[in-house]
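Read through the structure below, which is laid out as structure tokens, and then see the notes.
A short reminder: the numbers here are calculations on the coordinates, not readings from a lab. On a predicted model such as this, the values are computed, not experimentally measured, just so you know. All Cβ positions, even for glycine, are placed from backbone atoms using ideal geometry, and neighbour counts span all protein chains on display.
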Ligand code: SAH
């Protein structure tokens, strides 16, 4: 019995997200600071205006986790841009029944989907934080002038020719990754935003340009672990290939902005000003914790540089905030 890596990763992550509280194992940006979700909510509102303020508009989140980003975003837009709040219909793309239940407790008036396909066609603003990194990848290894695919067998990884040629230059032994669901999602979103004024924003980690190398990683109980341990016991992720993700939308005709470092993006959206404002009303210890959260998201040697922001927008739309 051997299995393609993407099939193994899909199965392992489905089991993991269905049975674990992932947030016991790792922390994501929305859980670090409320200003993250608030800033993305305001990004969505400003971008909605750039698109001509279509109403109604689908406000979609891919992989909402605990729902924190959406809750923070809605709080900010209710206060600052009530006409956007009035116009939005919330759609959440989430496959984990366990996380859906958690989201339902915090966001009542939403419609849940397994994938983008069932989100109604029409104007849309989509947000996705650490969603793309969870999508299953394939890996290919350069061997003797050809390519082998990495498969998962009972005793670990094996290599076999599968006829797939990633068509890139590589040295013997180099590993090249492909995330087919991410590229398909990018093309699907691009087709939608050609039909209706729409935008999608993703924040995730990965290098600025495609890089050869094995980026598959597993976190079990908060610690790095063997990705090929028992499926469902660890969170499996891989670096996002922003070059290929952007190109898949660009060939369809979408405008692509970024990737740019998350720290720069958040700073331009006013992360520190907003954090300072909030901190002024807090006890010194809470205020210090809030400032520390903002620095963790933005500082280059922490999450500010490895994480990137990329936006896909309808052709003809002005540059969305943070990418100017
Ligand atoms: N955005 C949240 C959660 C990130 S974890 C945060 O930043 O905290 C990844 C999320 O994507 C989880 O909600 C997980 O259940 C969901 N997910 C993973 N793979 C998915 C898939 N193929 N389809 C839909 N949702 C998926």
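Label positions at residue 209 and residue 100, each projected 7 Å from the Cα along the C-beta direction, are separated by 4.3 nm.
Of the beta bridges in the range 112-216, as assigned by DSSP with both residues counted there, near 70 percent are antiparallel.
A crude spin-label estimate for the pair residue 2 and residue 180, with each label 7 Å from Cα along the Cβ direction, gives 1.7 nm. Straightening the chain between residue 109 and residue 233 buys 41.4 nm, computed as 0.36 nm per residue apart minus the Cα-Cα spacing.
Adding -39500 (n - 2.57) for every DSSP H run of four residues or longer, then dividing by how many residues the chain holds, sets the calculated 222 nm ellipticity at -11500 deg cm²/dmol. Between the helical axis of 180-195 and the longest alpha-carbon principal axis of the chain there is an angle of about 40 degrees. For a paramagnetic label modelled at 7 Å from the Cα of residue 243 toward its Cβ, which residues of the range 190-214 fall within the zone defined by backbone nitrogen distances under 13 Å? Residues 207-213 qualify, since their backbone N sits under 13 Å from the label point. Rg and Dmax over the alpha-carbon atoms of the range 281-324 stand at 15.6, 47 Å.
A Förster radius of 30 Å, combined with the Cβ-Cβ distance separating residue 86 from residue 196, puts the computed FRET efficiency at roughly 0.95. Between 0 and 90 degrees, the angle of helix 5-19 with respect to the longest Cα principal axis of the chain falls at about 50 degrees.
Note that the range 1-131, at 25 °C in a medium of 0.890 mPa s, gets a Stokes-Einstein diffusion coefficient of 158 µm²/s from its Kirkwood radius over C-alpha pairs. The value for the range 1-53 of Rg(Cα) / (2.2 N^0.38 Å) is 1.80.
Taking only the Cα atoms of the range 167-256, the radius of gyration and Dmax are 15.8, 45 Å.
Protection proxy ranking for 35-46, 117-128, using the average of other Cβ atoms within 10 Å per residue and placing the highest first: 35-46, 117-128.
Return the Rg/Rh value of the range 57-122, two decimal places, where both radii are evaluated on C-alpha atoms and Rh is the Kirkwood radius.
Working: Rg = 11.6 Å, Rh = 12.1 Å.
With Rg and the Kirkwood Rh in hand, the quotient comes to 0.96.
Between the Cα long axis of helix 34-50 and the first principal axis of the chain there is an angle of about 80°, rounded to the nearest 10. Computed extension gain for residue 11 through residue 302, at 0.36 nm per residue and net of the alpha carbon distance, reaches 101.7 nm.
Distance distribution P(r), the range 198-324, all Cα-Cα pairs, bin width 5 angstrom from 0: 2, 10, 15, 15, 16, 14, 13, 9, 4, 1, 0 percent. The distance from the alpha carbon centre of the range 43-75 to that of the range 149-195 is 30 Å, rounded to a whole number. As a size descriptor, the averaged projected area of the C-alpha convex hull of the range 74-195 was calculated at 11.4 nm².
A Förster radius of 41 Å, combined with the Cβ-Cβ distance separating residue 250 from residue 21, puts the computed FRET efficiency at roughly 0.65. Return the percentage of antiparallel bridges among DSSP beta bridges fully within the chain, rounded to the nearest 5 %. Of all bridge pairs located within the chain, approximately 60 percent are antiparallel. Semi-axis lengths, largest first, of the ellipsoid equivalent to the chain are 33, 23, 19 Å, with √(5λ) applied to each eigenvalue of the Cα gyration tensor. Relative intensity of the range 130-280 on a log10 scale, I(q)/I(0) at q = 0.11, 0.12 Å⁻¹, equals -0.56, -0.65, per a Debye sum over C-alpha point scatterers of equal strength in the absence of solvent. Computed over every Cα-Cα pair of the range 14-80 and binned at 5 Å starting from 0, the pair-distance distribution P(r) comes out as 4, 16, 23, 22, 14, 10, 7, 5, 0 percent.
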